[in-house]
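Rule-based calculations on the coordinates, nothing more; no lab input. For clarity, every value in this text was computed on a predicted model and none was experimentally measured. Here the Cβ positions follow ideal geometry from the backbone for every residue, glycine too, while neighbour counts run over all protein chains shown.
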């Protein structure tokens, strides 16, 4: 039986969080207590429960950890709202002497969720969750076998895993495996490996390229390969980040304590190794790359002829600020963990080091508006990259917003991105660039190697997420909302799926001159059922291309001359095959120069290679290309191309569906436009030569057109390439949950928790939000209402911890008149962030709470 993946997705977060097994309630006494409502399902935090069966005495309710959160005089009925830790809660009735006389147990569980009035951000949440679960071949996790264990990774690259975990930690229970694996495989000098891939024992490319400097190693008898791109100077920082956020989600102090020596060794390695550390600037350095990416500029590939490799003493090194803001926050995270583990002196050392590094970096790279991208150690190194590098804004500026840099710097960076939005090309989908302005040249050898694509001027949802998160935290809440809404519109354009990379500027159709090639002299087959001496289309009676428009036609932006069967004795196309009735080969005179050739054609049969196209030049030389299904031809049955694929960019398409028609309840039938570049456009083409393949398939050619420009099909969309989609979805999700919804873990397992709803910035008057870590059961949940006509805001909240810091964004121009917390008068502190005002409360009691604010 087929399973719909969206139905499965509805269950995954619950299953990952540990759906409660067993009955929703049961009696443990001779005097029966009864709970309503009763559905057989676990109750949810903040749900109101009614207890029947006790008229005298005292009711006491404890949560899943045994902590009391309700005590009240018995009544018939007795009502309360569920709060505290998840698990088995117990209601006990105490008699007048304080002894238990009856009790009832019930299960409490929840999952990460957002429900807002109108459903706008609920839809975004759903699309982001789907993207996280489906992007990796529609599987939420990868696995790596190491020894007798199988570990779960969101991605088998440590950096990618860590970025994806920003979202997946709210849904998935197993988070430790990646950290365990990279800790156990740490190189002897402290280096952390970057990724691990299946391999065979024979030497491969990475053994050859990464051997210098010992950046490759085999495991499992040679069937797994550890790798580290020599250019990468951020892997140790990602290890610390992965450790830190895994610790927060699991709440496992003992496990964290066991990884600290690995983290310390890793950062110490990063601050002494020649590949990582600048003696000149006493900061992290790397080769000349685009932000944190792993490929060097074209001119720097001369040393090792590899995009990934750098050579101390030969390659140009410089300070990339993102490596350093990442190191600075890593030192502070490590200091926090060391302090928690009872290693305070070491913690103080790393905290002090962070301050020192921050001062050095600010003096070197901060220009008053943003961090300068890359500062060469050699003052005479001025590569010709076609852009003023001092004015480039690279993506780690958005990441740095969330790495603890000073508020004034965050404000300057946010305003820089707002300025980019005003200046960017009108066709751009957003200001969330990998780098802006992009490098016009010298970063072209890495695929796709084009300006406005990938990280070189592509627009990235991971930047949108980081920027939105920073905007919410630094007083630009409406800008954060605007970013989320724009990302929602992108997901909607892509059918409920958020791609991570879009093209930064629309592709313009190049000026082209076309020339049609006349195939009438070689045409030998009909478009329809055929005629005496003329085979029908593809030799499949009853299924043909009758109805295909003929004459001068344009398909996918290319003009073709499609032969009318009636005008040429039913001979409307060239059928090539090694069988009777078709041609084994054919030659069509051209006598012209061209940069490319386009064919209107299709394949019939099961062979992958259906023929060969040869450009025969007037000087006697030639160029040939195999015609292969899915590469430059497609099957005429069920024709399809890249239109709905998640992979981009469409600018590289060579094959497009040109025309299709329904087929009486069977799959559609159709033909393709395909482009073939001429590697020698300066040579005159004497003829186009067609040769059938050696198998049983048929190659049907309907028309041919030459062009004076390289192959080009207008993109179907603005999809680009190069980055796992899980990165972007996770970044936008954490901006939605921590930023707009405002639930943030400020301890471990949400103890304590920050609740900072920013719904007024979105014009949302009611919302229900739950953030849960399935790895620990830690959670925080609230229900928010703003009643403008009553000048009143209410917030009901609870969580697994006993401490809550509430920072409630007030509607513009409104202030707190009075407040009550759990029915008692409460005083609010005011917090101002730029032009925004928050009402601040601190609650240090477990259970469910109700905050009511009157506004003026």
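Would you kindly calculate the translational diffusion coefficient of segment 332-433, applying Stokes-Einstein with the Kirkwood radius from alpha carbon pairs, for 10 °C and a viscosity of 1.306 mPa s, and quote it in µm² s⁻¹ without decimals? All intermediate terms of the calculation are to be shown ahead of the outcome.
On the way: Rh = 16.1 Å.
Estimated via Stokes-Einstein, D reaches 99 µm²/s.
So what is the relative contact order for the chain, in percent, with contacts set as C-alpha pairs under 8 Å and at least six apart?
Values: 2011 pairs, mean separation 105.9, N = 856.
Relative contact order of the chain: 12 percent.
Hey, what angle do you get for helix 725-734 against the long axis of the chain, alpha-carbon based, 0 to 90 degrees rounded to 10?
That works out to roughly 30 degrees.
What does the extension gain come out to for residue 513 and residue 566, with contour length at 0.36 nm per residue minus their alpha carbon separation? It would help to have the intermediate numbers written out before the result.
On the way: separation 53, 0.36 × 53 = 19.08 nm, distance 2.91 nm.
Full extension from residue 513 to residue 566 adds 16.2 nm.
With no solvent and one equal point scatterer placed on each C-alpha of the chain, evaluate the Debye formula and give log10 I(q)/I(0) for q = 0.06 Å⁻¹, two decimals.
Taking Cα atoms of the chain as identical point scatterers yields -0.51.
Could you give the angle, 0 to 90 degrees to the nearest 10, between helix 235-250's Cα long axis and the longest principal axis of the Cα atoms of the chain?
Relative to the chain, helix 235-250 is tipped by roughly 50 degrees.
Quick one: P(r) of segment 448-529 from all Cα-Cα pairs, 10 Å bins, percents rounded to integers, in order of increasing distance.
The distribution over segment 448-529 is 15, 27, 22, 11, 14, 7, 4, 0, given as percents.
May I ask you to give the average projected area over all directions of the convex hull of the Cα atoms of segment 43-137, in nm² rounded to one decimal? Write down the numbers at each step before the final one.
On the way: hull surface 32.8 nm².
The number I arrive at for segment 43-137 is 8.2 nm².
Principal axis extents for segment 415-481, Cα atoms only, whole Å, descending order, please.
41, 20, 16
Would you list 286, 515 from fewest to most Cβ contacts within 10 Å? Don't skip to the answer; put the middle values down first.
Values: 286 25, 515 15.
Listed from fewest to most nearby Cβ atoms, that is 515, 286.
Beta carbons within 10 angstrom, averaged per residue: use that to sort the peptides 241-249, 129-137, 213-221, highest first. Working shown, then result.
On the way: 241-249: 23.6, 129-137: 20.9, 213-221: 16.0.
Most protected by this proxy first, the peptides run 241-249, 129-137, 213-221.
What's the extension gain from residue 174 to residue 791 if we count 0.36 nm per residue and subtract their Cα-Cα distance? Present the calculation step by step, with values, prior to reporting the outcome.
Values: separation 617, 0.36 × 617 = 222.12 nm, distance 4.47 nm.
So the extension gain works out to 217.6 nm.
In degrees between 0 and 90, to the nearest 10, how far off the longest principal axis of the chain does helix 158-168 point, with axes built from Cα atoms?
60
Could you tell me what fraction of 2.2 N^0.38 Å the Cα radius of gyration of segment 80-134 comes to, as a two-decimal ratio? Could you put the intermediate results ahead of the total?
Values: Rg = 19.2 Å, N = 55, 2.2 N^0.38 = 10.1 Å.
This ratio for segment 80-134 stands at 1.90.
Working from the alpha-carbon coordinates of segment 92-185, get Rg over Rh, Rh being the Kirkwood radius. Can you show the working numbers first?
On the way: Rg = 20.9 Å, Rh = 16.7 Å.
Looking at segment 92-185, the ratio lands at 1.25.
At a threshold of 8 angstrom on Cα-Cα distance, excluding pairs fewer than six apart, so keeping six or more, what relative contact order does segment 293-382 reach in percent?
Values: 83 pairs, mean separation 27.3, N = 90.
With pairs under 8 Å counted, the relative contact order is 30 percent.
Could you please tell me the mean projected area of the C-alpha convex hull for segment 514-707, averaged over all directions and given in square nanometres to one decimal? Could the numbers behind the result be given before it?
On the way: hull surface 43.1 nm².
Spelled out: convex hull of the Cα atoms, projected over all directions, averaged, 10.8 nm².
Please list 384-391, 262-269 highest first by mean number of surrounding beta-carbon atoms within 10 Å per residue. Intermediate values should be presented prior to the final figure.
Working: 384-391: 13.5, 262-269: 20.9.
Highest-to-lowest ranking by the protection proxy: 262-269, 384-391.
For the residues 419, 683, what sequence is obtained by ranking on other C-beta atoms within 10 Å, fewest first? It would help to have the intermediate numbers written out before the result.
Working: 419 14, 683 17.
Ranked by crowding around the Cβ, least crowded first: 419, 683.
When the Cα centres of segment 69-104 and segment 651-716 are compared, how far apart do they sit, in Å?
75
For segment 741-855, give me the percentage of DSSP beta bridges that are antiparallel, rounded to the nearest 5 percent. Mind dumping the intermediate values first?
Values: 43 of 46 bridges.
Roughly 95 percent of the DSSP beta bridges within segment 741-855 come out antiparallel.
Can you tell me the relative contact order of segment 514-707? Whole percent, Cα pairs under 8 Å, sequence separation 6 or more.
32
Can you give the helix-only mean residue ellipticity at 222 nm for the chain, where every DSSP H stretch with n ≥ 4 adds -39500 (n - 2.57) and the sum goes over all residues, rounded to the nearest 500 deg cm²/dmol? Please list the in-between numbers first.
Working: 15 runs with 188 residues, N = 856.
That calculation yields -7000 deg cm²/dmol at 222 nm.
What are the principal axis extents of the Cα atoms in segment 741-855, in Å, biggest first?
Computed over the Cα atoms, the extents are 41, 30, 24 Å.
At 0.36 nm per residue, and after removing the present C-alpha to C-alpha distance, how many nm does the segment from residue 36 to residue 214 gain when stretched out fully?
Numbers: separation 178, 0.36 × 178 = 64.08 nm, distance 6.51 nm.
Additional length available on full extension: 57.6 nm.
Could you rank the peptides 703-713, 251-261 by their average count of other C-beta atoms within 10 Å per residue, with the highest value first? Mind showing how you got there, number by number?
On the way: 703-713: 20.5, 251-261: 16.5.
Ranking the peptides 703-713, 251-261 by packing returns 703-713, 251-261.
Find the Cα radius of gyration of segment 788-856, compare it with 2.2 N^0.38 Å by division, and give the number to two decimals. Don't skip to the answer; put the middle values down first.
Working: Rg = 12.0 Å, N = 69, 2.2 N^0.38 = 11.0 Å.
Working it through for segment 788-856, the quotient is 1.10.
Please order 99, 593 by the number of other Cβ within 10 Å, starting at the fewest.
Details: 99 10, 593 17.
Fewest-to-most ranking of 99, 593: 99, 593.
Against the 2.2 N^0.38 Å scaling, with N counting residues, where does segment 139-290 land? I'd like the Cα-based Rg ratio to two decimal places.
Numbers: Rg = 15.5 Å, N = 152, 2.2 N^0.38 = 14.8 Å.
The value comes to 1.05.
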